[in-house]
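Enquirer: Can you read through this structure? Questions will come right after.
The values are calculated or read from the model by the stated rules, or taken from the named source; none is laboratory data. None of these values were measured; they are calculated from a predicted model. Note that we place each Cβ from the backbone using ideal geometry, even for glycine, and neighbour counts take in every protein chain shown. Side chains are part of the model used for accessible areas, which takes the heavy atoms of the whole protein and leaves out ligands, DNA and RNA. Shrake-Rupley method; radii C 1.70, N 1.55, O 1.52, S 1.80 Å.
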Amino acid sequence: MTKKMKGQGPHLDRRTFLGGAALGLGTLAAASAFPRPALAKKVKLVYWSPLDPKSNNARSKAEGAMVELFTKSHPEIAVEIQPVPWQVMGQQVIQGVMAGSGPDIAQLSTTNLPDQVGAGSAAPLNDVVGKNWSQAEKDDFILPWDNTVYDGQKMAYYWNSLLNNEFWYIRSEVDGEIPATWDGLQSFLTPLAKKHGKPGFLTGLSQQGNAIEFTDWLIPAFWACGAEYVTETGEVGFLNENGMKPFQWILDMVKVHKLTPDNISALTRDNVLDAMKGRKALTTILTSNIVASARSALGDDLGLARQPGPNGACPAFAAGKFIMMTKSCHEQEAAGLFIESMISPQSQLINAQMAKELPSRKSVVADPWFKTPEAADLKFAMDYMAETPHFFKFPKRTDFLQTRLALAAQQMMTGTPIKEALERVATDWDQARNG
């Protein structure tokens, strides 16, 4: 059953959320057992990825294995992976396509898809990917199909799934169960922060990287407080008493409880990740796709919990990275074959096992590997996403809105009243989206 929870959007049980998983990886693999025929000529695809193929990290190795799976099936198609930093990927794709020198295919964060569509850098995939898919294959995606559809055109496919708001903590220094409420968390962390002489909770308000370190936990905090990020009609949904509560909470963490340092305005996601890997803070909120990176440094000492909120845990903020074909692509059939392979259940299982990233396909979760201890982090994220999801489609110019929210939070840290700072955000947002 699906029911509406105030401030949290649709609530689905695990069976509904992973409804297609019972089909199993074998069933979906069998549906893809007869791949489209090889091309009649040799072609080359340029693929821009935030992962460097020369890197020794697990995520880069996993993507390399996914690409190799494709090239073995299609030796007539060469794939050149060109790494581009994730913080500037969206901007560089648009600039490259507009200049006629963009990639054929790119992998980006979901926040950036509406901007690619608005800029005209993304090419529709309706006639390129999945033309012969069964309904079961189309229904096999974990995140909503319509999240990557604009004006009836499928503009991208989810490359993976993400839980944006996992609460991380250092087990050896944070003894006990993480409280589910803000008040409980503050009381819980205060003596621990004093004991260990380090921040009880760390985050960053930098605008770099579309301010995701801040907004990844801020947006679900809006929902938990009964506010919205953006309303169905396009206005900001946080210029109200409920929308001000998350800002007051982080201000109190800094100014009143002294659990969060006052230099967070300059901190990025990578700064926070490095701090946690170096045990320089007790807790934070980060995304599921970088848990494996932290595990490499912390091992079992890294604990995961649900994001505390005003009255209990916040809803899960489920999103994902996506893969798209650009307007620069001259080999659309080859690009379609590549995208189909990268999002196939087989490739998604490779990525889950090697990189410990959440798959984009429901059927992959039915694989026996997900019952092993190796998959525990992924199971935690999937359970959180299944039990309190808030499906969400980013609006156009969300990068602008997210960076303006981070700037507003920085201003609050130096004394600007919360309401005044948010009124400026709302005014700037209305001008940007209507301009």
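Enquirer: Does segment 37-144 come out rounded, prolate or oblate by the C-alpha gyration tensor, with a ≥ b ≥ c the root eigenvalues, rounded set by a/c under 1.5 and, if not, prolate when a/b is larger than b/c and oblate if not?
Expert: Values: a/c = 1.31, a/b = 1.09, b/c = 1.20.
Rounded shape, in that the Cα axes give a/c under 1.5.
Enquirer: How are the alpha carbon pair distances in segment 288-402 distributed across 5 Å bins from zero to the largest one, expressed in percent?
Expert: 2, 9, 15, 18, 18, 17, 11, 6, 3, 1, 0
Enquirer: Report the extension gain between Ser55 and Trp369 in nm, rounded to one decimal, defined as 0.36 nm multiplied by the number of residues separating them, less their alpha carbon distance. It would help to have the intermediate numbers written out before the result.
Expert: Values: separation 314, 0.36 × 314 = 113.04 nm, distance 2.56 nm.
Taking Ser55 through Trp369 to full extension adds about 110.5 nm, to one decimal.
Enquirer: Let's test the formula: R0 of 35 Å, r as the Cβ-Cβ distance of Trp133 and Ala266. What FRET efficiency results, to the nearest 0.05?
Expert: Values: r = 46 Å, r/R0 = 1.33.
Using R0 = 35 Å, I get an efficiency of 0.15.
Enquirer: Still on this structure: Give me the angle, in degrees from 0 to 90, between the Cα long axis of helix 212-225 and the longest principal axis of the Cα atoms of the chain, rounded to the nearest 10.
Expert: Taking Cα atoms only, the helix is inclined about 70 degrees.
Enquirer: Turning to a different aspect of this structure: What angle do you read, to the nearest 10 degrees and between 0 and 90, between the alpha-carbon axis of helix 89-98 and the longest principal axis of the chain?
Expert: Between the helix axis and the principal axis of the chain, the angle is about 40 degrees.
Enquirer: With the cut-off at 1.5 for a/c, could you classify segment 212-359 from its C-alpha gyration tensor as rounded, prolate or oblate? Walk me through the numbers before you get to the answer.
Expert: Values: a/c = 2.34, a/b = 1.42, b/c = 1.65.
Cα axes put segment 212-359 in the oblate bin.
Enquirer: Follow-up question, since we're still on this one. With no solvent and one equal point scatterer placed on each C-alpha of the chain, evaluate the Debye formula and give log10 I(q)/I(0) for q = 0.10, 0.13 Å⁻¹, two decimals.
Expert: After summing over all Cα pairs, the log10 values are -0.69, -1.19.
Enquirer: What is the percent of Cα-Cα separations in segment 206-253 that go past 11 Å?
Expert: Of all Cα-Cα pairs in segment 206-253, 67 percent lie more than 11 Å apart.
Enquirer: Distance between the C-alpha centers of segment 360-375 and segment 409-427? Whole Å please.
Expert: After rounding, the separation between the Cα centres reads 44 Å.
Enquirer: Oh, and also: Given a 1.4 Å probe and the protein chains all in place, what does the accessible area of Cys225 round to, in Å² to the nearest 10?
Expert: My reading of the accessible area for Cys225 is about 10 Å².
Enquirer: Another question, then. Roughly what angle does helix 182-196 make with the longest principal axis of the chain, taking Cα atoms, 0 to 90 degrees, to the nearest 10?
Expert: Tilt relative to the chain: about 80 degrees.
Enquirer: Can I ask one more? Note down the relative contact order for segment 113-239 as a percent, whole number, built from C-alpha pairs under 8 angstrom at least six residues apart.
Expert: Numbers: 75 pairs, mean separation 17.5, N = 127.
It rounds to 14 percent for segment 113-239.
Enquirer: Determine the relative contact order of the chain: mean sequence separation of Cα pairs under 8 Å and six or more apart, normalised by residue count, in whole percent.
Expert: Values: 817 pairs, mean separation 121.7, N = 435.
So the answer I get is 28 percent.
Enquirer: Then there's this: Consider all pairwise Cα distances in segment 44-87 and report the whole-number % of them above 14 Å. Present the calculation step by step, with values, prior to reporting the outcome.
Expert: Working: 458 of 946 pairs.
The share of Cα pairs beyond 14 Å in segment 44-87 comes to 48 percent.
Enquirer: Run the numbers on segment 189-342 and let me know its relative contact order in percent, using alpha-carbon pairs under 8 Å that are six or more apart. Could you put the intermediate results ahead of the total?
Expert: Values: 175 pairs, mean separation 43.0, N = 154.
Rounded, it is 28 percent for segment 189-342.
Enquirer: Still on this structure: Grab the DSSP H runs of the chain that are 4 residues or longer, score each as -39,500 (n - 2.57), total them, divide by all residues and round the 222 nm result to the nearest 500 deg cm²/dmol. Don't skip to the end; give the middle numbers.
Expert: Working: 16 runs with 177 residues, N = 435.
Value at 222 nm, helices only: -12500 deg cm²/dmol.
Enquirer: Once a ≥ b ≥ c are taken as the square roots of the eigenvalues of the Cα gyration tensor of segment 339-422, is the result rounded (a/c under 1.5), prolate (a/b larger than b/c) or oblate (a/b not larger than b/c)? Write out the running numbers ahead of the final one.
Expert: Working: a/c = 3.22, a/b = 2.35, b/c = 1.37.
In terms of gyration-tensor shape, prolate.
Enquirer: Restrict the search to segment 34-95; then list the GluC sites (Glu not before Pro) that DSSP places in a loop and that have at most 16 other Cβ atoms within 10 Å of their Cβ. Spell out each step's value before the answer.
Expert: Numbers: sites: Glu63, Glu68, Glu76, Glu80; in loops: Glu76.
Counting only loop positions with at most 16 other Cβ atoms within 10 Å, the GluC sites (Glu not before Pro) in segment 34-95 are Glu76.
Enquirer: About its Cα centre, what dipole magnitude does the chain give when the only charges are +1 on Lys and Arg Cβ and -1 on Asp and Glu Cβ, stated in debye to the nearest 20?
Expert: Working: 43 positive and 45 negative charges, 76 e Å.
Taking the Cα centre of the chain as origin, the dipole is about 360 debye.
Enquirer: Continuing with the same structure: Please report how many Lys pairs in segment 258-406 have alpha carbons closer than 25 angstrom, counting only residues at least 8 apart along the chain or sitting on separate chains.
Expert: For segment 258-406, the number of qualifying lysine pairs is 22.
Enquirer: Please list, by residue number, every one of the trypsin sites (Lys or Arg not before Pro) in segment 42-80 that is coil in DSSP and has at most 13 other beta-carbon atoms within 10 Å.
Expert: On the way: sites: Lys42, Lys44, Lys54, Arg59, Lys61, Lys72; in loops: Lys42, Lys54.
Taking segment 42-80 and a limit of 13 other Cβ atoms within 10 Å, the loop trypsin sites (Lys or Arg not before Pro) found are Lys42, Lys54.
Enquirer: Going toward the positive end of the dipole of the chain, with +1 on Lys and Arg Cβ and -1 on Asp and Glu Cβ, which of Ser101, Ala316, Val425 do you reach last?
Expert: Result: Ala316, furthest along the dipole toward the positive end.
Enquirer: Of the GluC sites (Glu not before Pro) in segment 130-196, which ones lie in a loop per DSSP and count no more than 13 other C-beta atoms within 10 Å?
Expert: On the way: sites: Glu137, Glu166, Glu173, Glu177; in loops: Glu173, Glu177.
Listed in order of number, the matching sites are Glu177.
Enquirer: Applying 1/(1 + (r/R0)^6) with R0 = 30 Å to the Cβ-Cβ distance of Lys255 and Arg424, what FRET efficiency is obtained, to the nearest 0.05?
Expert: Numbers: r = 21 Å, r/R0 = 0.69.
Once the sixth-power term is evaluated, E becomes 0.90.
Enquirer: Run down the lysines and flag those whose C-alpha is under 18 Å from the C-alpha of Lys255, throwing out any fewer than 8 positions away in its chain.
Expert: Lys194, Lys198, Lys245, Lys419
Enquirer: Along segment 117-131, what does the Karplus equation 6.51 cos²θ - 1.76 cosθ + 1.60 (θ = phi - 60°) give for ³J(HN,Hα), rounded to whole Hz, x for Gly and Pro?
Expert: Values, residue by residue: 5, x, 7, x, 8, 9, 9, x, 10, 3, 9, 10, 10, x, 4 Hz.
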